[in-house]
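No lab work stands behind these numbers, since they all come straight from the coordinates. None of these values were measured; they are calculated from a predicted model. Because the Cβ atoms are built from the backbone with ideal geometry, glycine has one as well, and the counts that use them run over all protein chains shown.
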Amino acid sequence: MNMKQLDRRSFFKISTLASGGVMIGLYSGSVTETLAQQGGRGGQAGPAAAPNPNFYITINPDNTFIVVNKNPETGQGMRNALPMLIADELDVDWKQVKVAQADLDANKYTGQIEGGSTAIPNNYMPMRQVGVAGRLMMVGAAAANWNVPATELTTGAGVVTHAASRRTATYASLAAKAATLPLPDAAAINAAFKDPKTFKIVGKPIPGVENFEIATGKPVFSIDVAFPGMLYAVFEKCPVFGGKVMSANLDEIRKLPGIKYAFVVDAPPPAAAGQRGGGPAIGVSATTLTSGVAIVSDSWWMANNARKSLKIVWDNGPVAAESSEGFLSQARTQATTGASQPPAGGGRGGAAVGNVDAAFQSAAKTIEAEYHFPLLSHAPLEPQNSTAHFKDGKLEIWSPSQIPGLPNPAAAAGLTPADVTMHLVRAGGGFGRRLYSEYDIEVAKIARVVSEERVKAGLATVPVKLIWSREDDLAHDDYRPAGYHFFKAGIDATGKLTAFRDFVPSAAGVSPAGEFPNGFVPNFQVSGVNITPFNIPTGAMRAPSTNGISFVMQSFVDEIAIAAGKDPLQYRLDLLNSPNAPPAAAAAGAGAGRGGGAPAPGAAPTAAGPTPGYGGLTVANGNGAPFNAARAKVVLETVRDMSTWKDRAKLPKGTGMGVSFQFAHNGYVAYVVQASVDAAKKIKVERVWAAVDIGNQVVNPSQAENLVQGGFVEGMSHIMNWEITIDKGAVTQKNFGQYQPTRMAQVPPKIEVKFVPTLYSTTGLGEPSLPPAVPAIANAIFAASGVRLRSLPVGKQGYSWAT
Amino acid sequence: MAYTLKINGKSQTVDVPAEMPMLWVLRDTLNMKGTKFGCGIGACGACTIHVDGVAVRGCQTQVSTVGTKTVTTIEGLSADGTHALQKAWQQVDVPQCGYCQAGQIMSAAALLAKTPKPSDAQINTAMTGNICRCGTYLRIREAIHIAAGNAGAK
C-alpha cells in the first residue's frame, strides 16, 4: 500500500484531479470525553461535544478511499490503527483503502500526539465516529436517490444495498449526492456504531501500511526527506549541559572543503527551572535554543567531518560540578537521616498510611534493601533530524516529532506559528525522545540564517537538513530520570505484609507514592527529598515513571515474598485480595488517589496527555486512571496458568522463574520469565510468557503482539547494559559501543503473548509492556541463582548474556 | 576525486573525497536513501550493503576501497520488491518503526546466499551486528526462516 503525504495543497489537488471524487468534511471529538465515558455498544460512548468539521476521508471515482491518519507515526502502527477504525465503521474493505498522513493542522485535527499510549484511548471512539458519519452519508444519499427509508438499506465493501428492490450503489456513485446532504449530527452518529462483534477490519491482524516501502528501501523516514539543492547541517553543542560558546575558529572551518556556512547560535537567556522535562536544567531547554556552532555543507558527512577541526572555547557553566557518583552518594547520605522521617507536610510524592514505625516494631521480621537505577537515553535508531526551508518570511518543516508544534519552532526562526507549515514524517522510533523537539528548533534557526545569507549573496533559498550524530543524541537527550530507593518492610509471623516504606532521594520527582502495594498494606509510607544540584535534563521515556519504579517495587515485593517463605506470584495475588478498608490510603501529594483500596470496577479514567513536563510527574503510570486490583489479578492468574509456573520446582539447578506485574498507562501486564545463570554470570532468558489487559478491543493484534514483544526486548536492554553516567556535567557514553541494546542472539526463541479481553475501555500499548519486563527478569535471576539484583544495569556487576 | 561504481547493476560516477563512506555516497551524492545512518561506527548495521555479495557496513566502507567490486543496496536487492526476504518481511509484518529493517534484510540476504537453510544459531550469528531498537527480533528470525523455506524449522 502506498502512503501519501497530504498537505493543504495536495488536499486541494486531490479534490480537483479526482473529478467525481468527494472529500467529506467530518467530525472529530475532543479526547477527554472519550476517556471519561464507558458503556454504549462499543464499550465506550462517543463524544457528545460539539464537533469540529475535519478532513479524514476522500472517496475516489473508482470506489477506493483515502483515509487520513492524523497522528505521528514512530512505530506504534498509528497509520494502521486509526484508519482501520475509520474504515471499519465506514464499512469499506481494507483493500479499498489508501492511508494518507495529515500535516499538523489545529484547524482540522486534535491531539496530533504520539505519547503516553494515548492515541488509541483518545481516538478509538472519535475515529469510529468519523467512519460512521461517512457511512450514514452514503446511506442517506442512497435513500434519497431511491426514495426508500434508510432503515431498509445495508452497507458493505463500499456499497449500499437495498435488498427488497435488489438495487446496489457504490459509495463513489453516491458521493456527489452525499455532498449535498447535511452532515449527520453527533446523536445520529453515536446511535449507529457497529457492534464490535461485526468488525471486519478492527481486531484483525493488518500488516503495516508501509511494509513494502520499508522492505524495499523507499525514502519514507524523516531523515530521507530531500530536495534538489538541499544543504546539510550539524550542530555542535557543549558536552556539559548548559555550557555556552565563547569563541570558535569559524574562519578556519569555512575554508574546509565542502563547507558553505559556519556560525554560532546563541542561547537565549536561561530558561525557567523545570521547563525541560523534569530537570531544572540551567540554560538547557527543549523549548528554546541551546548555544552551539552550526556547520552547513552540501554533504552531511563533510559537515560532520569538519567538526574534527572545530576548536570551540566553551564556558562550561556550573553543571560541570555534577556527576552520577555524586548523585548516588548524596542519596545515601540523605537516606541515613531521612528514611525514617514521614513526608513533611504532605510533600511532593509522599504517602503516609497508618504508622510504619510502630508496625516495624511489632513485625516478626523486617527486610531492608537499597535499590537504584540509572539515567537512560532513548536512543531511537534514526538519529534526531529535521528539515526546514525558510523562504519569504515563512518556514516549512519536515519533522519526526512525536508532538509536532510543541514547542513550535516558529519562535526560534523569529516567526509566529501561523508562518510555519509542519509536515509529519515517519520517525525511526520515538520512545518519548521525540517529545522533545530541539532539532526542530535548531533547524528552524539554522535554516533562517542560511536563507538570509543566501539572499544577501543573491542566491535562491534552499531547504536545510539538520542531522545529529549518534554521539550528539546520547550526549543531548532528555534522560529517563535515575532512581534511588531505600526500602524497609515488615511482615508478621504468618508472612503477611504489615508495613512498607520507601525513601526516595529524587532527581526528577518520580515517586511510587501511589504504587502497589499502597492500598493493600495497612502501613505504607513514601517520602523523599530532592537531590541538589541536579541539572541534567530529564524527560519522558517509554512508560514514564513505571519504567524504573516497576523494577524496584516488583523486585522488593519479590524479596518480601521470599522472606515470608511464600510463592511470589501467589503472594501478590494474596495482597491484591486484601485491600485496605475504604476510605483508606490517604496518599499525600501528587500520588493521592492511587491505590486507595480497590476502586470500583470500571471507574472512569480521565485524560492526562503528555506535556513537555511529563517526566516530572509524581505518578504518571495510568493516564490518571485508578489502579484496579481485579484487572491486576486477571493478568497474574492468566500468566500463571499459561506458563509452567506451577512446575518451576522441577527446573534444573541454575534455572529459575520470576514473575511481575505492572499497571502502566491504563494497561495491565504480567510476565513470567524463565532464565538461567551460570557460574560465569552468563544469563540466558529461556522462556517468556506475557498476559496483557488493554481492555475490550485490541485494534490490530499483529502490531499489538509486536509491541509487547518489543517492550520485553527493550527491558532486556535496561537490565543488562543501559546506563547513562554523568561525569563533570557531561555524558560518558558516546555511542552504541557503550550503550548496547539487546541483540538478536540474546532474545529467547519465543515470547508468548496473551491478550485478556475485559470489559474496560480499550487503551494503548506503546508503554505498558516495558516496565514489568525488567523485574520479571531480575526475579527470575534470583530464582535461578539466589542473587538479588538491586541496581541496574547488571552488566556492570559482571553479568553478560549467554549466547 | 571521481569514482565509477557498479551499484545495483548500474555504473555510477561520483566526485567525492576518497575517505567518504559509501553510506554517504549513496545517501547524499546519489540520493539513494534506503541505506540508513544509525551510528556511524559500524555498531548498528542500519547501513548494511553488499560489496561483491558480502554484507558490509556502509559507514565503514570508504568509497576509494570499492573499486570495481559490485555494490548492492536495498534498492537493488530485487527489481520490484519480490526478493523472498522482502516478501517474508511483509508476510510476517516485521516492522515497528522500520528504520533498521533495510539493514536487517541486507544482512539476512547475504546469509541466505551462502546458507540457504540456516538454523536459529546461524541466523543469530549472521544478524548479531544489526540492532533493532524496537525489538522485532523474533519476527525477523521467523521471516528469515520463511524466506529460506524453513517454515516451522528451528
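Things worth noting here:
- Helix screen, chain B: DSSP H segments with Cα axial length of 18 Å or more and mean Kyte-Doolittle hydropathy at least 0.5 are B:101-114.
- Ordering of A:565-577, A:251-263, A:495-507 by packing is A:495-507, A:565-577, A:251-263, highest average first (other Cβ atoms within 10 Å, averaged per residue).
- Counting, for every residue in A:382-389, the Cβ atoms of other protein chains within 10 Å of its Cβ and taking the mean gives 2.
- Cβ-Cβ distance of B:Ser78 and B:Thr115, R₀ of 22 Å, FRET efficiency by 1/(1 + (r/R0)^6): the value works out to about 0.70.
- Helical runs assigned H by DSSP (4 residues or longer) give the protein assembly as shown a calculated mean residue ellipticity at 222 nm of -8000 deg cm²/dmol, each run adding -39500 (n - 2.57) before division by the residue total.
- FRET efficiency, 1/(1 + (r/R0)^6) with R0 45 Å, evaluated for A:Lys646 and A:Ser362 via beta carbons: 0.85
- Spacing of the two label points (7 Å from each Cα toward its C-beta) at A:Ala745 and A:Glu252, in nm: 4.3 nm
- Couplings for region A:174-185, taken from phi via the Karplus curve 6.51 cos²θ - 1.76 cosθ + 1.60 with θ = phi - 60°, read 9, 4, 5, 5, 4, 5, 8, 8, x, 5, x, 8 Hz in order; Gly and Pro are left as x.
- Cα→Cβ-extended label distance, 7 Å offset, between A:Thr732 and B:Met1, nm: 3.9 nm
- Cα gyration tensor, region A:642-796 - rounded (a/c under 1.5), prolate or oblate: oblate
- Relative contact order of region B:2-75: 38 percent, from C-alpha pairs under 8 Å at least 6 residues apart in sequence.
- Global geometry of the protein assembly as shown, whether rounded, prolate or oblate, following the gyration tensor of its Cα atoms and the 1.5 cut on a/c: rounded
- With the highest mean first, a sort of the peptides A:769-781, A:706-718 on other beta-carbon atoms found within 10 angstrom per residue produces A:769-781, A:706-718.
- Less than 5 angstrom separates the built amide H of A:Glu686 from those of A:Gln674, A:Ala675, A:Ser676, all sequence-distant by 5 or more or on a different chain.
- Efficiency of FRET between A:Thr168 and A:Lys197 - r from beta-carbon atoms, R0 25 angstrom, step 0.05: 0.50
- Region A:705-778 shape via C-alpha gyration tensor axes, a/c threshold 1.5: prolate
- Simple spin-label estimate for A:Ala630 and A:Asp185 gives 3.6 nm between the two label positions (7 Å along the Cα-to-Cβ direction from each Cα).
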